[in-house]
Each structure stands twice: as structure tokens, then as C-alpha cells.
1. Please verify whether LEU220 is among the aliphatic types (A, V, I, L, M), in a loop (DSSP other than H, G, I, E, B), assigned by TED's automatic domain parsing to the domain that holds ALA243 and surrounded by 18 or more Cβ atoms within 10 Å (Cβ to Cβ), treating the condition exactly as stated.
2. Looking at region 401-414, is at least one residue surrounded by 16 or more Cβ atoms within 10 Å (Cβ to Cβ) and closer than 30 Å to ARG308 by Cβ?
3. Please go through region 555-576 and give me each residue that is assigned to a loop (DSSP other than H, G, I, E, B) and among the charged types (D, E, K, R), ordered by number.
4. Which residue pairs have Cβ atoms under 7 Å apart, sit 6 or more places apart or on different chains, and have a first residue in region 206-235 that is under 19 Å from GLU179 (Cα atoms) and a second that is basic (Lys, Arg) and assigned to a loop (DSSP other than H, G, I, E, B)?
5. SER227 fails exactly one of the following numbered conditions: (1) in a helix (DSSP H, G or I); (2) out of contact with any Gly (no Cβ under 8 Å at 6 or more places or on another chain). What is the number of that condition?
6. Checking the structure you have, find out if any residue of region 82-101 is farther than 27 Å from ALA9 by Cβ, of a type in the set (Lys, Arg) and in contact (Cβ under 8 Å) with a residue 40 or more places away in the chain.
7. Sort through LEU385, LEU381 and tell me the only one that's modelled with pLDDT of 90 or more, of a type outside the set (S, T, N, Q), in contact with a Ser or Thr (Cβ under 7 Å, 6 or more places away or on another chain) and over 30 Å from ALA312 (Cβ atoms).
8. Restricted to region 212-242, and to residues that are small (Gly, Ala, Ser) and modelled with pLDDT of 95 or more, which residue is nearest to CYS10 (Cα to Cα)?
Amino acid sequence: MAFDGIAAACLTKELADLLTGGRIYKIAQTDRNELVLTVRPMAEKGGGQVRVYMSADPSLPLCYITEQNRQAPLQAPSFCMLLRKHLQNGRITAIYQPGLERILRFEIEHLNEMGDLCRHTLVMEIMGKHSNIIFLDSEEKIVDSIKHVSAMVSSVREVLPGRDYFVPSTQGKRDPLSETPEAFMETLQGSSFDPALLLMKTYTGISRQAAEEICVRAQLDHDRSASALTEEERQVLWAVFAALMEEIRRGSFHPAIYFKQNAGTEVPADFSAMTMTMYGDYRARPYSSFSRLLEDFYARKNEVTRIRQKSADLRHIVQTILERDVHKYDLQQKQIRDTEKKDKYRIYGELLNTYGYEIPEGASSCELDNYYTGGRTRISLDPRLTPQQNAKKYFDRYTKLKRTYEALSRLTVEVKAEIDHLESIRTSLELSTSEGDLALIRRELEEAGFVKKHNTGKKGRSRTPVSRPLHYISSDGYDLYVGKNNLQNEEVTFKIGAPSDIWFHANDMPGSHVILKSRGQKMHDIPDRAFEEAAALAAYYSSGREQEKVEIDYLERRNVKKPGGGRPGFVVYYTNYSILAGTDISMLRPADEKPGNRS
């Protein structure tokens, strides 16, 4: 979701609740368009230090509380020096949002050089490419701004020292927080827009997603214009709209990140400060802090994009070799099918040796009794050769096809094993979430001879990111471990897993090894829910994660064996139980995740 007025309202409440009454301890301009304010909240609000990150970057304007300490330049820019002069040790008297605008106003009072009490305002405007951080005096005049906007750049509003500050017109949009039922109904009448588009165009701070959510809650179709709504539908739409505005006025927000499946990987699709019923198929992760949500959302989104880009070369290598091997395997299968006639040539040779005396000289074919079938078999002959020479010719064909069959049988097993290995690596690449995961997969590709080894030396190896198997806690408190690639699968199965632990894997498809730590209990003493959740992990972290149900094999780890010389992650087992599992793992939390930040 775009950072709309509802998101700004949620953030404003969080900042106001924590920072009102606090003092500005430090000011740093960490980049051309970035500020970090270090604030000491009042003792009754926890004290300590809180960093407020503000960015007017046109590509990603944001404001939130952060624990990260960003590096500031040695020479502070002039705007930063100005703020330090006036606001250092100033007290924040109020933080508020005008209407539902994407604007946060920090009202600050401080003492000047003469000891007189002065009041200034720091305005954070989160408006896409027009975003800015503006410093105002008590008369609402611009003292300075992080970005200067002259008349040559904007004919609507200049943002320059000495100019009067005002909020630019939002194309005639109205404040939804002060809307009346009469004006709302009048807006719906005569409009050719669909209800969601009309709400977005009419009211300040309402994004397209928020408008669509309002219509979903009101159970309205998208393919109808607002003027086509019945009176009852208009009343329902107003009731939903008014209820949402009341929640905003009360400060009742429900921030969450919504995750969806994309190419087998869970990615952050959207975030919102209100409950989004329209995302019923997505996994929601609620947050108690909207600042934490923003930081996690953009960090996770950037991480997913970055890992996807970094894995592009490995995915290309794997896909190229896989396509080559599949083509080779198909040709070998065709050649094996061609060798199926070998036994026919052997029988021809035997029949010719047995009944060759009956064949007249120079015959181009013959029909002989077949003692294998009890019938007659017609055999083509080379009239230049004797029956015994024709028999030898057929035996030679048989011997050649037999050798071909035996060689191809070995080769197809090797190629099929390589295809299975590459498919498991391709699945591992889709499950990768960190550079450490990619480093392990590259190492596996190097050891298998698919890519050349990088001679990084001791220094390079020490810089390789550490990647560990995933660790979840089941609803009943059992430890669950998941390998995200073949090397981690080895670790999960044969190092983390004890003989009495329960081992899970998707049936007949690439995927993760999952270990359910049994705590020494017998299999029948472990709750069914623990088995279901472990199976769900095995289904989710497999190539079948897009399916509704996946067949999962499970058994005691003691019965899982690794063949000598087997590829990483390749195991065999001969007796197992099976369970059909869904791919929903929202009931599980990673072991290192705090319960307050989980769905």
C-alpha cells in the first residue's frame, strides 16, 4: 500500500504517544534528503533514547522510529546546522497530522540565545516526489527546508526561506474525518466512477487500496458506478466509511504486513494500518509498532529483491544445465526404446541357425516355425549371404543393441540422478532468503562440478555469511528444524536429528528435510498437531508449495539412510507413514521471533 493518510495517522499517534514532552538530544543529516532526530522521551514514557528517521527521498519517502544508528558525514550540511542551532535540546510539545494529509507536524519549543522561549515547527511532508522536510517559525514562515523548490520548479508553491508555508491544494479533495452523511450521499449521486475510485478521488488521504477495502467491507461490486447503487447500498457504504473514520479519530489501528506466495517464495505484498479483509488469502503478520512494520516491510522487500537479483546467475546456470540434461535424458530414453527390438534379432539368428537348411539359396526372405510363440515368423534376408551368414548378421545387431542398452541404462540412471539433484537445487534457490543460503548452494554447485570453484582463500571464507537451518516452535512447544538447501538437509537429518526424532519430507518431489524433535518420546506419545505442523513445514518448503495439499512421508530418523557416495541431501528409506498436509504455516513462529510480532 502507498503511504496514505491512514498510515500517516497511525504513525502520528505512535510518535505523539511516545515523544510528546521529550527533548531533542541530537540532530544528524545522514544523507542529502535524510534526517535522524535522537529524542529523550519523558521518564514516565520510558526515558532512554529514541531515533526518529525522516526521509524526503522522492523514491521512498518515510518517517519512523528506528534502532539503527546511521552514519552521519563529518561536515554537517547547512540545514542540519540550522536545526541544531534552534532545536537542540528543544522540547516537543505536540505531534499532529492536519486532517488526513500525509503530513506530520512536530511542534517544538526552546530557549534562544537570550533565554527567551521560542516556538518552531518541523514539518515532514510524505508526498512522493514532492516530499520535503520544512522548518517553520512561529509565524508559519519557512526558515529553511531540506529541499528548495523555486517558482521555476513548481508554479503551485515555492518552498524557500522567507515564504509563507501552506499545504498545497489536493485537487479539491475533502477531509474525510469531517465528512457529513448528506455530503457523502450527494457525492455518490450522478458519479460515473466506481465507488472505490470515487472515494479515492474525493477524499484526502484515501489510497486506492483503502478505498477498495471500504467497498469490500460494504460488499459492493467493482463493475458498477456509484450512481447505480441502491439507497440501501449507499447507506451501508456510508456506515462502513463512517466507522473507519471513527476508528482513525479514536486512534484504533491494526497495523500488519500481508504476505503472498510468489514463485514458491513468501514475499511481503502490502502493509496497512487497518485490517484488510480483501487480503483474505494472504498471511497477515500483525505489529504493535507501525514504525517496526515500516522498517521490516521495506527491509524484507528490499532483501527479497536483492536475493533474487544475486541468485540470478545461479538460477541461470542451474536452468541451463537442467534443460541440457532433460534433453539428453529424452534422447537416451528414445534410444533405449529403439533397443527393445534386440531380442527379436536374437530370435531371428537362432531360427536361421536351426532351420537354415530349409532356405533355398538366394532367397530374400523366409518364413520359419517360431518355437517361442508356436507360430510362424517371417525374416528378411540378404540374398547375397548364406543362412548362417544372415544369422551372424542378426546376432551382431543383437549384440550391438544389447551393449547400447546396457550403456544407456547406466547413463540414464546417472543423468536422472543429476536432474533430480539440479531440481532440488532449483527448489533451494527459490527457498533462499539470505546471502548465506546462496553461498551454501554455490558451494554445492562447485563440489558437484557444475560451476568453477572460487579460490577465495582463508580471508574469503571468513567473510562467507553463515546460514543455518530454520528453527520453528510448534503450537505444543516442540522444536522443528527445516533445511533450506541440500547441505542444510544433511545437517538437519544427520546432525540435528537424533535416531528417535521424526523425519518428514514431501513424497516424490524436491523439498526440505524437516525434523520434529521427539524429546525422547515414542511416536504415538507425540500430539497429532505436532505431526500436522511438521508436515505443513515439509509441504510449504517443497516444490509443491503452490498446491493445496502435499503428500508427506514421515518416519523415525533412525530409518533414514544415506547411500555411500550419494549426493548431498539424497537419502533412502523403505518403510514410512504418509499424511496429506496443507501449506499454511501461519500457526508456527520462528524460534527467534517474539510472540508480539507474529500472526
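The values are calculated or read from the model by the stated rules, or taken from the named source; none is laboratory data. Values in this document were obtained by computation on a predicted structure and should not be read as measured data. FYI the Cβ positions are ideal-geometry reconstructions off the backbone, even for glycines, and counts take in every protein chain you see.
1. yes
2. No, every residue in region 401-414 fails to be surrounded by 16 or more Cβ atoms within 10 Å (Cβ to Cβ) and closer than 30 Å to ARG308 by Cβ.
3. LYS562, ARG567 - these are the residues of region 555-576 that are assigned to a loop (DSSP other than H, G, I, E, B) and among the charged types (D, E, K, R).
4. Close Cβ pairs satisfying both conditions: none exist.
5. (2)
6. Quick first cut of region 82-101, residues farther than 27 Å from ALA9 by Cβ only: 82, 84-86, 88-89.
Within this subset, residues satisfying the condition of being of a type in the set (Lys, Arg) are 84-85.
Filter again for in contact (Cβ under 8 Å) with a residue 40 or more places away in the chain, leaving 84.
Yes, that holds for at least one residue.
7. Working: LEU385 fails: in contact with a Ser or Thr (Cβ under 7 Å, 6 or more places away or on another chain).
Answer to the check: LEU381.
8. ALA242
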